[in-house]
Amino acid sequence: MTSYERIKLPYKLNGLEPIIYFKTMYYHYEVLHKNYEAKLNEVLRGTEIEKQYPSLEELMKNLDKLPGELRDDVRFFGGGLINHNFFFDHLTKMNNNPEKKISLTLLKLLEQKFSSLEKLKKELLKNALSVRGSG
């Protein structure tokens, strides 16, 4: 039996500092994310569900086909696992290379919507800090 797994990080847990601190990354990857992985596989142990849905994406798309007594736990633990996989997969180290800049096309679209890149950054920060648990 294979298991549904966390992604392997393409960076070290401290590799995103000072934007995301090591302790935050450690807690989310080594505690929360690891727990979602372990609990999902524990819930499914002894079932044939993994043969029917070999990928985590397939499993989550077919929640309605799972036995009722497993559905809520698979939704919670599988959802936590897939959401954290998505989150960690989309993080990247800061690129301080001055040659790597925003494309002019994207910059024009952002300026149409927010009038400037700085206003977009301020709006993103304001909205992120208003989310419970974001600080």
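Just so it is clear, none of the values below were taken in a lab; they were calculated from the coordinates. All values derive from a computational prediction rather than experimental measurement. Here the Cβ is made from the backbone with ideal geometry for all residues, glycine too, and neighbour counts use every protein chain on show.
Are any residues in the stretch 90-114 charged (D, E, K, R) and surrounded by fewer than 12 Cβ atoms within 10 Å (Cβ to Cβ), and if so, which ones?
Across the stretch 90-114, the qualifying residues are Glu99, Lys100, Lys101, Lys108, Lys113.
Kindly indicate the residue of the stretch 62-85 that is over 17 Å from the mean Cα position of the chain (by Cα) and basic (Lys, Arg) and also surrounded by the fewest Cβ atoms within 10 Å (Cβ to Cβ) among those meeting that condition.
Filtering first and then ranking leaves Lys65.
In the stretch 1-27, what count of residues is obtained for those that are assigned to a helix (DSSP H, G or I) and within 16 Å of the chain's Cα centre (by Cα)?
So the count comes out to 4.
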